[in-house]
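Student: My structure is below; once you've seen it, I'll send some questions.
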Amino acid sequence: MADAIELVNVQKQYKVNNHLTHALKDVNLTIPKGQFIGILGENGSGKTTLARLFNGLILPTKGNVYVDGMDTFDKRFIKKIRSRVGMIFQNPENQIISSIVEEELAFGPQNLNLPIEEIDKRVDKALNIMGLTALRFHATNLLSGGQKQRLAIASILTMKPQYLILDEPTSMLDQSGRYELINYLKKLNKQHNITIVLITHNIKDILSADRLIVLKKGAVVLDSTPWKIFSSPENLEISGLNPPDMVKLVNGLNKRGYKLKDEILTTEQMVEFICRQLN
Amino acid sequence: MNGLKIGQYVRGNSFLHKLDPRTKLLGCFVMIITSLLKNNTSALYINVVLLLLCILLCGIKFKQFVKMVRPIRYMLLLTFIFQSIFISGEKLIDLWVISVSREGLHIGIVTIARIFVLYFCSILLTRTTTPAQLTAAIEALLFPMVRIGIPINKFATLINVSLRFIPVIIEEAETITCAQKARGAPFNSKSLIKKFKAIFSVLIPVLASSLQRAADIAIAMESRCYTGEINHNRIKGLSFGKSDIIALGLISTSIVIVLV
C-alpha cells in the first residue's frame, strides 16, 4: 500500500448543463516514489482532472485514490496528503499569494503550524535548491515568469513534499525559462528523490522521463517509456502523437539499413552516440 | 509597470522597519483619529511633526519625498484654495470679488495637514511593514473579536492577498485598455456617454478575469494546506521591544494633548 500514489478504478464525472460528461473512465494507475513521469494528452483528455485527484483537490465519483496508503476521501488526512503531494499550476501569477519572496515560501509551513525556527530552516534550504537565495527579499510581482514558476516550486518544497505534480508549468514560459525549469525538475528528481509528475503539451519537456502516460478521452491509452512510445508506429497511431525529430531521423536511418541499437531521443544523446562510434 | 509603486514595501534597516508591526498599526490608527478630531489642531500639528521625523528616520531623501507628494499635489492645492476663498470671516486680502479670510486660511492649512497625515501614515506603514507582518499585527490586535464570531484571521489573509494582487490587476487593466484601444474604443471621445461606455469595456473584462483569478488562487492556497485556521505561531513571532515603548510613548503624548 505504502510509498506510492495509487488510483483504483477511478471515474470522474462532471455535470455540465444537465449533461453528464466523463472526464475520466476507469483509470488504474500507480505512481511509485522516485520516478520522473510525463503525462501527455490533448485538451479535454482529462489531464488536469487527473492531477487534481492526486492531492484531493477533487474527489473521484467512483473508485479511490490512495497517497502512501491514505485515502483522499478521509478528511483527517487532507493536510498530510497535500503537504506530501505538492501541486504547481499553469499560471505562475495565480499561485503566488504573498508580495515578498520569503513570505511566499513560509506560507505553506505556516499553514502546517510549524515553529518559526523550523520554517526559517526550510525557507533557506528551498531558496538554495531553486537558486533564489539572492531574491529572498524581492517583491514577487517584479520577478520574471521563469523565476515566478521557480518560486512556486520552492514554496512547495518548504512543505517537504514526496511528490510534485506539475500541470503544464512550462506553457507560459519562453524557451530558456522552459529549459531551465525542466533542468531544475531533473535535479529535484535525481538529487532530492522527489517524484515528479509533469503534465505537458510539449513532448520536448518529457523526453528524458522514466515513464510516459498518454491520456485520450479520459482513459490511459499508453503507459510506457518515451522510446517505446515514440519509436513504434502502432503506439504513435494510438496516441496520435508526433514523434520528436531525432526519433524520426533514427527510424529513417534504421530503415535504410544502419542499425542503431541505442535509444536516441534528443540531440545530446545523438551527439554522444556519434562520438562513441568515432572512437 | 516595473517601477516602484506607492504603497509598496521597501526593504530597509531603519528605526521604523525594526518596530513591531502592532506598534506601527496602533500608531497610525491613533495619529489618524487624533488628527481628524474637530477643534483640536495642536494634536494635528504634533502629528505632522512626528510624521516628518518618521520620514527622516526612514531615510527618505528630499527628492523622494517630493516624488511622493506629486500624485496628491493638485488635491492639496485645490482644497487649500477653495477653503481659503469660500469660508467667510475676517478679511485679509480683498481683490475685486475674491477675498481671503483669516478663518479660511486657517482651515485650509488644517485640511492640508490632515490629508498629509492620512496619506503619509498609510505610505509609511506599507513601506516599512511587509504584508505578512501587517497580517500578523491585525490578527494579534483584533484577536479578541474571534470570540464573538468575527473571523479576523480570514480577514487578515484577505488583506494580504489583496495587497499582493493590486499591481497585477492594475497591469491587467492597462493591457485590456490597450487591447480595447486597438479595437477602436473611444477613450478620447469628447462625448461623456461614449467615454463612459469605453470605460465599461475595460471594467467588465477586468472583473471577469479577476473572478477567474480568484478561483485559481483559492485552489492554489488550498493545495498548500490553507484551511482558514488561526495561526498562533505567526502571532508569537512578533516581539515587542524598547523602541516600541518609546514610539508608543511619543504617540500617547498626542492623545494626552487632545484630551487635556
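Student: How many Å² of accessible area per residue for region B:130-229, probe 1.4 Å? Write out the running numbers ahead of the final one.
Tutor: On the way: 5790 Å² over 100 residues.
Using a 1.4 Å probe on heavy atoms only, each residue of region B:130-229 averages 58 Å².
Student: Determine the residues within region B:182-226 where the difference in accessible area between the chain on its own and the full set of protein chains amounts to at least 30 Å²; count protein heavy atoms only and use a 1.4 Å probe.
Tutor: Output list: B:213, B:216, B:219, B:220, B:221, B:222, B:223, B:224, B:225, B:226.
Student: State, to one decimal in nm, how far the label point of residue B:210 lies from the label point of residue A:176, with both points 7 Å from Cα in the Cβ direction.
Tutor: Reported label-point gap for residue B:210 and residue A:176 is 3.5 nm.
Student: Additional query: If you bin the C-alpha pair distances of region B:120-253 every 10 Å from 0, what whole percents do you get?
Tutor: The percentages, shortest bin first, are 10, 27, 26, 19, 13, 5, 0.
Student: Provide Rg over Rh for the protein assembly as shown; use the alpha carbon set for both Rg and the Kirkwood Rh (inverse mean inverse pair distance).
Tutor: Across the protein assembly as shown, the Cα-based Rg/Rh ratio is 1.08.
Student: I would also like to ask the following. Quick one: which bits of region A:98-116 get at least 30 Å² less accessible when the partner protein chains are in, versus the chain alone, with a 1.4 Å probe?
Tutor: A:99, A:100, A:103, A:107, A:110, A:111, A:113, A:116
Student: A further question follows. Which value, in Å², gives the accessible area per residue of chain A when a 1.4 Å probe is used on the protein heavy atoms?
Tutor: I get 47 Å² per residue for chain A.
Student: How much of the accessible area of region A:1-103, probe 1.4 Å, is carbon plus sulfur, in whole percent?
Tutor: Its accessible area is 47 percent carbon and sulfur atoms.
Student: Could you tell me what percent of the DSSP beta bridges with both partners in chain A are antiparallel, to the nearest 5?
Tutor: 55
Student: Follow-up. Which FRET efficiency value, to the nearest 0.05, is calculated for residue A:18 and residue B:183 with the Förster distance at 25 angstrom and r the Cβ-Cβ distance?
Tutor: Working: r = 36 Å, r/R0 = 1.42.
Here the calculated transfer efficiency is 0.10.
Student: Would you mind calculating the gained length between residue A:262 and residue A:216 on full extension (0.36 nm times residue separation, minus the Cα-Cα distance), in nm to one decimal?
Tutor: 13.7 nm
Student: If you don't mind, there's one more thing I want to ask. Mean separation of Cα pairs under 8 Å and 6+ residues apart, divided by the residue count of chain A: what relative contact order is that in percent?
Tutor: 22
Student: Take the Cα pairs of chain B, get the Kirkwood Rh, then feed it into Stokes-Einstein at 20 °C and 1.002 mPa s and tell me D in µm²/s.
Tutor: Stokes-Einstein gives a translational diffusion coefficient of 98 µm²/s.
Student: Can you list the equivalent-ellipsoid semi-axes of region A:145-279, largest first and in whole Å, using the square root of 5 times each Cα gyration tensor eigenvalue?
Tutor: Working through the eigenvalues yields semi-axes of 29, 19, 13 Å.
Student: Now a separate question. May I ask for the accessible area buried between chains B and A, both sides summed, probe 1.4 Å, to the nearest 100 Å²?
Tutor: 3000
Student: If you split all Cα-Cα distances of region A:4-243 into 5 Å bins from zero, what percentages do you get per bin, shortest first?
Tutor: 1, 6, 14, 17, 19, 17, 12, 8, 4, 1, 0, 0
Student: Calculate how steeply helix A:245-255 sits against the longest principal axis of the alpha-carbon atoms of chain A, using the helix alpha-carbon long axis, and give the answer as 0 to 90 degrees to the nearest 10.
Tutor: With rounding to tens, the tilt is 30 degrees.
Student: Name all residues of region B:35-64 having a backbone nitrogen under 13 Å from the label point set 7 Å from the Cα of residue B:110 along its Cα→Cβ direction, giving them as ranges.
Tutor: B:35-45, by backbone N distance to the label point.
Student: Run the accessible area of region B:130-229 with a 1.4 Å probe and give the carbon-and-sulfur part as a rounded percent.
Tutor: Its accessible area is 70 percent carbon and sulfur atoms.
Student: OK, next. In region A:31-104, which chymotrypsin sites (Phe, Trp or Tyr not before Pro) are in a loop and have at most 16 other Cβ atoms within 10 Å, using DSSP for the loop call? Please list the in-between numbers first.
Tutor: Details: sites: A:36, A:54, A:66, A:73, A:77, A:89; in loops: A:73, A:89.
The qualifying sites are A:73.
Student: To the nearest 500 deg cm²/dmol, what mean residue ellipticity at 222 nm is calculated for the protein assembly as shown from DSSP H runs of n ≥ 4 alone, each contributing -39,500 (n - 2.57), summed and divided by the residues?
Tutor: The helix-only estimate for the protein assembly as shown comes to -17000 deg cm²/dmol at 222 nm.
Student: Counting only other residues whose beta carbon sits under 15 Å from that of residue B:183, what net charge do I get with K and R as +1, D and E as -1? Mind showing how you got there, number by number?
Tutor: Values: positive: B:181, B:194, B:197; negative: none.
That sum, taken over residues with Cβ under 15 Å, equals +3.
Student: Would you mind computing, in nm to one decimal, how far apart the modelled labels at residue B:243 and residue B:69 are, each placed 7 Å from Cα along Cα→Cβ?
Tutor: 2.6
Student: Can you run phi through the Karplus equation (6.51, -1.76, 1.60; θ = phi - 60°) for region A:93-107 and list ³J(HN,Hα) in whole Hz, with x for Gly and Pro?
Tutor: Once rounded to whole Hz, the list reads 4, 7, 10, 9, 9, 9, 8, 10, 3, 4, 6, 4, 5, 7, 4.
Student: Remind me, what semi-axes does region A:1-53 give for its equivalent ellipsoid, largest first in whole Å, using sqrt of 5 times each Cα gyration tensor eigenvalue?
Tutor: 24, 13, 7
Student: Calculate, for residue B:41 and residue B:166, the FRET efficiency according to 1/(1 + (r/R0)^6) with r their C-beta to C-beta distance and R0 60 Å; round to the nearest 0.05.
Tutor: Taking R0 as 60 Å, the efficiency between residue B:41 and residue B:166 is 0.95.
The values are calculated or read from the model by the stated rules, or taken from the named source; none is laboratory data. Everything numeric in this text was worked out from a predicted model, so none of it was measured. Every residue, glycine as well, gets a Cβ built from its backbone with ideal geometry; the counts of neighbours run over all protein chains shown. Note: accessible area is taken over every heavy atom of the protein model, side chains too, but ligands, DNA and RNA are not part of it. Shrake-Rupley method; radii C 1.70, N 1.55, O 1.52, S 1.80 Å.
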